[in-house]
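The numbers here are math on the coordinates, done by the rules we state, and not lab data. Worth saying up front: this structure is predicted, and the values here are computed from it rather than measured. Backbone-built Cβ (ideal geometry, glycine too); neighbour counts: all protein chains shown.
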Amino acid sequence: MAGTQETKEENKSYASLDGPWRQQKISLFGVASSILTQLRKGADLTRLALPSVFCEPYSILEMSAGRLMPFLPALYKVLDQNTSIDRMISICRWYLHCFKDVTFFKKPYNSVLGETHKCKLSYEDTEAVFIAEQVSHHPPVSAFRVANSKLGIVIDTNIRLRPKFQGNSVFVSSDSFSIVYLEKFGEVYNLTKSVPDILIKNIILGTRVPEWTGSVSFTCEQNDLSVELNFMCKGRVEGQIFQGDQVLYSFGGNWIFDPIYCVGKDSSKILLFDPRSHREFKVCLLYTSPSPRDRQKSRMP
């Protein structure tokens, strides 16, 4: 992180802003020309540069901070839970808060090797710091840590996004993981995807529709609990909570509009997620290297 300077100014991250790039029209001829000019005999297709019209004007590091940090207080509530099953449900609830609003219309830029991003979230009398760095260029891999030392919560994550064109849609596979440490309980939660897979429909013709898709698993060896969470089409989620091989609870429904309850075999219910309680908190951008102004000059479509 050499060469960066912390600033007292509360800069806004591009990941929290809206702009015309969200629904910018895409030219079939322009896309085809951009890709064809890169093709050479024996060329590595995984290294083709994605046309800028398919990219957001910010990096994967900024996207990760903008997606995770505004909802971190939802994770703090896990410390109020007295039972292991309530803590696992609280972890799932926090994860759903992070991805309720699907603003992922395009792919963020791959950060340059060694690029860093740092921001913080002050909530009540605690402060959490987000530190990220691009640790690999080919393949592009980003790593970050979120830490609230006062509460004893740490999140470690690696992420790599793999976009695949499917005609009039793009499927973005998330090759990632997250580990959540809860010092108070001596528990470690492993998440198979820090970001769910996403399908962006109608990227060339029609109105773009992004949808989270695929499966995410949560496990905790200390209490032998696990969760299988499946993102379906049109805002539907389904899943089960296990202790060992035994199913404790099942859940399902439209999590965008309706409350989702975990239902036990005895028909008992525990609230998993209520979209009416969804709330974002202000994040302060400390610094980015390269700086936001430098990236604005080179990345704005």
Can you list residues whose amide H is under 5 Å from F177's amide H, if they're 5+ apart or on another chain and H is modeled 1.01 Å from N? N158, S194
Starting from the stretch 167-220, pick out the trypsin sites (Lys or Arg not before Pro) whose DSSP state is loop and whose Cβ has at most 15 other Cβ atoms within 10 Å. K184
Added length on full extension, which subtracts the Cα-Cα distance from 0.36 nm per residue, F177 to N202: 6.2 nm
Global form of the stretch 138-253, assessed from the alpha-carbon gyration tensor, a/c cut-off 1.5: oblate
Lys and Arg at +1, Asp and Glu at -1: add these up for the other residues within a Cβ distance under 13 Å of L151 and post the number. -2
Sorted by packing (mean other beta-carbon atoms within 10 Å per residue), highest first, where do 255-261, 58-64 land? 58-64, 255-261
Contour excess over end-to-end distance, with Cα ends at S217 and H138 and 0.36 nm allotted per residue: 25.8 nm
Whole-Hz ³J(HN,Hα) from phi, Karplus 6.51 cos²θ - 1.76 cosθ + 1.60, for the stretch 116-128, glycine and proline x: 10, 8, 9, 8, 9, 10, 9, 9, 6, 10, 10, 9, 10
Could you calculate the FRET efficiency of R160 with S84 from 1/(1 + (r/R0)^6), where r is the beta carbon distance between them and R0 is 30 Å, rounded to 0.05? 0.45
Kirkwood hydrodynamic radius (Cα pairs, Å) of the stretch 89-206? 16.0 Å
Segment Q240-E127, extension gain: residue separation times 0.36 nm, minus the distance between their alpha carbons: 37.4 nm
